[in-house]
């Protein structure tokens, strides 16, 4: 919205510079890596605010639809689940067969 025109102008300025230097670039491993990092930075940094906005709206949609799903009992560790004999009883019981 507000940042989009500036981001596009800045990206196309960098794109114009890359095209102007296309014949003079020496593509070795280090310069290619730096060039690709610069391209990724220029392409994805303007998308960060949009991604954050989508994430916030998705989080709010889940909370508004289902309410908070924080249940402290489910987060409590149960030491009986760590007991190997109880686990074997559960596996080899009639219910487990």
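Couple of notes before you dig in:
- Taking Cα atoms only, the orientation of helix 29-44 departs from the longest principal axis of the chain by about 80 degrees.
- Segment residue 78-residue 92, length gained on full extension (0.36 nm per residue, minus Cα span): 3.0 nm
- Both radii come from the Cα set of the chain: Rg as radius of gyration, Rh as Kirkwood radius; their ratio Rg/Rh reads 1.39.
- Degrees between helix 4-20 axis and first principal axis of the chain (Cα, 0 to 90, nearest 10): 60
- Distance from the Cα centroid of the range 39-57 to that of the range 2-32 is 19 Å (rounded to whole angstrom).
Since every read-out is calculated from the coordinates, none of them should be taken as a lab result. Everything numeric here is computed off the predicted structure, so don't read it as measured data.
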